[in-house]
Structures are given as structure tokens and as C-alpha cells.
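Notes follow the structure.
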Number of protein chains: 2
Amino acid sequence: MTENIQIHLTKTPTGALTLEHFEQKTAPIPAVNDGQVLIRTVLISIDAAMRAWMRGPTYRPQVMPGEVMPAYVLAEVVESKYDGLAKGDLVLGEGLWSTFSVVEGRRMRKAPPYRPLSHLMSVIGIAGLTAYWGMIDIGKPSEGETVVVSAAAGSVGSIVGQIAKIKGCRAVGIAGGPDKCRWLTEELGYDAAVDYKAGNVAEQLKAACPNGIDIYFDNVGGAILEACLFQMRNRGRIVCCGALSQYDTDAPESPKGLPGLVVVKRLRMEGYVVLDYFNRTPEAAQELLGWMGQGKLRIAEDIVEGLENAPQALMGLFEGTNRGKRMVRAAPDPA
Amino acid sequence: MTENIQIHLTKTPTGALTLEHFEQKTAPIPAVNDGQVLIRTVLISIDAAMRAWMRGPTYRPQVMPGEVMPAYVLAEVVESKYDGLAKGDLVLGEGLWSTFSVVEGRRMRKAPPYRPLSHLMSVIGIAGLTAYWGMIDIGKPSEGETVVVSAAAGSVGSIVGQIAKIKGCRAVGIAGGPDKCRWLTEELGYDAAVDYKAGNVAEQLKAACPNGIDIYFDNVGGAILEACLFQMRNRGRIVCCGALSQYDTDAPESPKGLPGLVVVKRLRMEGYVVLDYFNRTPEAAQELLGWMGQGKLRIAEDIVEGLENAPQALMGLFEGTNRGKRMVRAAPDPA
């Protein structure tokens, strides 16, 4: 129980991530200084944005070669030299791909008393809050509108379409492969699904959205953003949530039609970062949990066992191997 | 006085416009049917969007080969079979590159009693209203912000920067050549100018906007949009007004950084079409004329004499030969 496994980034990736970009080492458990806490990692959020962190500065500094990979984690406090936290507390915040880590106490927040703990990473974690604020504050859906979401079987997308349905919209999901597409329509209540791996996305979209697209919730950028742009209705909104297709490549694509289609169709493309909504988490969590309680919102979790599997878990996001919110379990839930 | 000169589009241009795309003919004066009026064209607005009309449907149907070139005009009613208009009335609306034309009376509106008539094409015409609504309703400037505008010496851009100054912002204009740049700073009150023909736009922008860009008023798209995107501040706004650089070419460029920078910088890119604000013209006109009266807003007009020069006048927009609002005078002001 005192072995400290850490996974480092070995070099800045240019093309697709491979196992060579990561190295697992055993390290001593670090000492705790004043204001700090030692945490044991329980659950690690695996997010596409982590690939962007390796490319350069985003809303956080770039992750540099040699560093232990940072991640949003749920962890248990093992030792505290910070007044606000005590041994045994469960905390949320930026940790590491590491069994144990030392973090500044003021940068962590106490996890709300909620079980199962995995829900703190999914429905009321980054995924759920990202879906919620993107739809509610940026997309602003009205009843009867058509909402299209890409990476629809992913952590955020699987929730976005369900919020669209709750708001009285037509929900269309874009995902890879017939199994995921069937899952969207049969299990999550999407009205239609577009299988981008089957080709001809524009034609499929046209069939699924006969009146055009009012809101496109964009998780991927690139060619799928381009296909949606051309089918936006006047005064449509594009929620710029992420650019999954552009992170894990050395040849990012630039969609055609920008800014021309934004002008003539009077579109609004707007980006956001969920951290900016941090202070409003309680209102979002209350509504999301309410919908779950009423059976209107199903949460899919995709939990990979073992810290040592974190690299594959992240690489898999770009191959689309996950369904719903992917996380890595580094330790069993504390009692 | 009864000769009717018309200028036709001969073929759909793919690359840059040339004189071969236009043909001048003499035609009989058309007969007026019920509900219609015969108008004599006085002033013709020359707008970059006209080049986009030739490419395909925009907010109006495509202009097809063989058609007389349409245009926004100020004209005098010569004969009326429409109840709402009488001989001698001055009207505004879509007319043609033609000495005389027959139009549906209900599609024209009476010009307000305002002199000089050219102001109905500039400060309180499409140019002024486009600048006004783009800044006020889309850009929403706050005191102390930095506003960058491209095609800053053009019809819209020359007004945008002055509105920025009126709103207490730092105004930076992008234009081609040292003469235009000097004109922006010495005559129009811009704080700084970037000469895109001098190269290294990114470095020039950085020097002119040490704190980054809060509002980029985009008239051009392409490489200049890309340069500005990379220097936007968090929560910046891009007013998507036009894509001048993309109309007159067969090789449109797609800016890099979309949608990635929109996400991480929480940007809003929003398009608009000034026609949508038509019903609110009085409030905009009152404010624009008020600023003129107070000496805070200078209007630059670039009037080309003679309908036969309309093709060159339009082609010149893409070479940047105009300064301020370009229009063609097809006939002297009516008494």
C-alpha cells in the first residue's frame, strides 16, 4: 500500500499518442510541507483536453516532457498540513497520474457527501457540468429546435442529447459505428444518429435534420464541424466545447466556410470552459440530479481499472473506444 | 435623356473579377405594370457583398449570367402605377446597374428628406448602419477595450473605428499601404494602424495591441482573421461582418485555430446581416447623425462618376482603391 507509481510524459507528442509517450516509474512518497496535503488517488478523470494540454498552453500551462501527467482526480487525504482539510477527507481537483501526490490544500475542494463516488466524475463532474452549461448557457435551446452533437457517445455528448430531449428538442447524435449509433437511439433517447465511420456525413445529416440544424454542440472540430456549418439554419448557434479531432494529430484541419457562413447565416459560434462556471456548480448539480431522479437522464460510466492503464485509457478516447464518461480507478473507494 | 444603359453580368466569375465579366448594352425603357414604378437611378451603392452574390445564394438569390447587375440604389420615380409612390419621389431599395428600371413599388421605400443625398448611401446608408449595428449589437464595446477592424479605410471600417473611439475604446485599423494608414490615424482618429501590405501582420498587431484584442470587427476573413484570432483576449468577440478577402478568388483560405482558439479563449464569433435591423433604422440614424453633428464622426465618400464605370468601381474594392463609402453616380441629384 505504500508503493507510489507515477506515469510521466516522456516527450511532446506531435502526431497520435502512443505508449512511447509515457513511462511508468516508482517514486518515494513525497514529503508534505505547510499548506499542503498528501492524497491517495481514487478516481482519475480521462479527458480529451489532456491531449491538448501536451501541445501548448491552454487554460492551463503546457504539460512538459518529464512531468508526471496531471489530471482531474477524486482523492483521499492521507496526511494534512493544511487547516481546511483532515485525514480521511475526500477531495476533488487537479492531481496527478500517481498513486500518491502532494498538492496545495487550498487548490482542492472537499467532495460533496454523495455516493457513488463515480458520479462526482460523471453526472456532477466535469462531463455533466460541461454538457449542462454548454447547452443551457451557450446553446440556449428552445422547444422544437434541432440539436446535433458530435462525439455523442462520449462523456459530454451522451448527456448533451438527453438535455436536448428534456428541453423539447430533436436530438441527433454523431458517433462512430453502428453499435454506438444504436445505443444513442435505443438507450439514450436520441431521435436519430449519424455514423461518421459509414461516410457521407453531409447526406446522413440532411436526412436526420430535414429542417436544418439550430444548435450544433461541437466536441470535435474539423470535417464534422464543416459538415454541420453548411447545414446550420439562420441564427443557429455552435457551442464550441472541444476539438477532439484536432488534438491527436500533427495535421489539424481548418473547416471551410468560416467566416462566410457565419455572416450570411447570422450564426453565433461561442466557446466556453467549464471551470468558469465553477461557482454555479450547485444549481447545475441540483438540476442534473433531479433529472436523474425522474428517470429522464441516464449516466454512462466507462471505468478502466488500474493506474497503469491510464495511457491506454487516454489513447482510446481518440479511437472512440469509450462509451460515456471514461475514468481510471487507481484505488478502491474508501470505506 | 431617354437612353437606357444597362450593365449585365456575362458569366459567373471563379477567380478575380475582370471587365470581361460585364457587358454594357442599350435597352428600351421597360413598360410599367400595375404595382410597379419606373425609376431613374441616381446613386448606386458599390458593396463587396455584390461579388459574393455572383458566387451563389447568400441572403439573396445568386446573380446569374445574363442578368443586369442588381444593386442597392437611390433613385427618382419617373412613372408610378403603385399607390404608395408618385412621380418625383426619391426611393431607396434594390435596383439595377441601369439608367432606368422597373421595380415593384412595395419593395422600395421613400428616402427620408435628407441632404446631401449621398449621406443616404454612407452614414445613414448600408455602410453606416452596418458599422453601427455590428459594433453596438454584436461587438458590445466597453470603455477601455481594444477594437481592431480590418478593411479599416473602407465604407464600414472607416466608421467602425470612430464608433470605437466614441465608446472609449482603443481603435486599431488594418489597411493596405502607408497613405491609408496615415489617413486612419491622422484624419479619422484611430490610435494605431497596421499596414497589411507591409507584411508581418502578427508582429504589427502585437505592437499596436499590447494587451491583446477585445473586439475584432472582421470585414475580410482569411489570413487577417487568423492573425487576429491568435491575439484575441479571453472572452473576446469577433464581429463577422464580411469576408472581403474570400469573395474575389477561386482559392478561399480557411483560418487556422478554429474552433480550438474559440474554445480555450471563450470567444464569441457572431455574424449578422444589416437588413435584419431594418426596422430599427431610425434609432441608429439618429445616433449616427448626432455624432456627426457633434464633430465626433467624419464620413468619407468615394463617388465614381458615370454608370459605365460601375464595373471598375466594384473591381477596385478588391484592390483597395476606395477610401470610405464607394458609390457610383448614374445621374445628377434631382432638383
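The values are calculated or read from the model by the stated rules, or taken from the named source; none is laboratory data. Note that the structure is predicted; figures quoted are calculated from it, not measured. Counting neighbours? That spans all protein chains shown, and the Cβs are built from the backbone with ideal geometry, glycine included.
Within this structure, residue A:112 passes the test of being modelled with pLDDT under 95, more than 14 Å from chain B (Cβ to nearest Cβ) and either part of a loop (DSSP other than H, G, I, E, B) or more than 20 Å from the chain's Cα centre (by Cα) (or both). Confirm whether residue A:209 is under 26 Å from residue A:49 (Cα atoms) and touching a strand residue (DSSP E or B) at 6+ places or on another chain (Cβ under 6 Å). For residue A:209, the condition - under 26 Å from residue A:49 (Cα atoms) and touching a strand residue (DSSP E or B) at 6+ places or on another chain (Cβ under 6 Å) - is not met.
Looking only at region A:289-313, residues that are within 13 Å of residue A:24 (Cα to Cα) and assigned to a helix (DSSP H, G or I) come to 6 in all.
How about region B:11-40: which of its residues are in contact with a helix residue (DSSP H, G or I) (Cβ under 7 Å, 6 or more places away or on another chain) and closer than 20 Å to residue B:330 by Cβ? Across region B:11-40, the qualifying residues are B:17, B:19, B:22, B:24, B:36, B:37. Mind listing whichever residues of region B:239-254 are facing chain A (nearest Cβ under 8 Å) and over 23 Å from residue A:244 (Cα atoms)? Across region B:239-254, the qualifying residues are B:240, B:241, B:242, B:243, B:246, B:252.
The residue list B:171, B:193, B:175 contains one member that is touching a Lys or Arg at 6+ places or on another chain (Cβ under 6 Å), surrounded by 24 or more Cβ atoms within 10 Å (Cβ to Cβ) and assigned by TED's automatic domain parsing to the domain that holds residue B:146, which is B:171.
Conditions (1) over 16 Å from residue B:301 (Cβ atoms); (2) small (Gly, Ala, Ser), marked per residue:
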{"position": "B:57", "(1), (2)": "yes, no"}
{"position": "B:74", "(1), (2)": "no, no"}
{"position": "B:122", "(1), (2)": "no, yes"}
{"position": "B:128", "(1), (2)": "no, yes"}
{"position": "B:138", "(1), (2)": "yes, no"}
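The set of residues in region B:195-230 that are away from chain A (no Cβ under 14 Å) and touching a helix residue (DSSP H, G or I) at 6+ places or on another chain (Cβ under 8 Å) comprises B:195, B:196, B:198, B:201, B:202, B:204, B:205, B:213, B:215. Suppose the filter is under 30 Å from residue A:233 (Cα atoms) and either within 11 Å of chain A (Cβ to nearest Cβ) or assigned to a helix (DSSP H, G or I) (or both); does residue B:257 pass it? Yes; evaluated as a whole, the condition is true for this residue. Among residues of region B:72-90 being of a type in the set (A, V, I, L, M, F, W, C) and out of contact with any Leu (no Cβ under 8 Å at 6 or more places or on another chain), the one that is surrounded by the most Cβ atoms within 10 Å (Cβ to Cβ) is B:85.
In the set (1) assigned to a loop (DSSP other than H, G, I, E, B); (2) touching a Leu at 6+ places or on another chain (Cβ under 7 Å); (3) within 14 Å of chain B (Cβ to nearest Cβ), residue A:63 fails one condition alone, (3).
Checking every residue in region B:275-284 against the condition of being in a helix (DSSP H, G or I), modelled with pLDDT under 95, within 14 Å of chain A (Cβ to nearest Cβ) and surrounded by 17 or more Cβ atoms within 10 Å (Cβ to Cβ) gives zero matches.
Entry remark, region B:209-256: residues being free of Cβ contacts under 8 Å to residues at least 40 places away in the same chain and among the hydroxyl-bearing types (Ser, Thr, Tyr) number 2 in total. Residues of region B:91-117 that are buried (at least 20 other Cβ atoms within 10 Å of the Cβ) and within 24 Å of residue B:300 (Cβ to Cβ): B:92, B:95, B:97. Determine whether residue A:262 is within 14 Å of chain B (Cβ to nearest Cβ), within 29 Å of residue A:40 (Cα to Cα) and buried (at least 20 other Cβ atoms within 10 Å of the Cβ). No, not satisfied. Residues that are among the acidic types (Asp, Glu) and surrounded by fewer than 20 Cβ atoms within 10 Å (Cβ to Cβ) within region B:1-50 comprise B:3, B:20, B:23, B:34, listed in sequence order.
Among all residues of region A:295-304, there is at least one that is more than 22 Å from residue A:74 (Cβ to Cβ) and either away from chain B (no Cβ under 14 Å) or out of contact with any Cys (no Cβ under 7 Å at 6 or more places or on another chain) (or both). Is it the case that region B:42-55 has a residue that's at negative phi, within 14 Å of chain A (Cβ to nearest Cβ) and free of Cβ contacts under 8 Å to residues at least 40 places away in the same chain? Checked region B:42-55: at least one residue is at negative phi, within 14 Å of chain A (Cβ to nearest Cβ) and free of Cβ contacts under 8 Å to residues at least 40 places away in the same chain.
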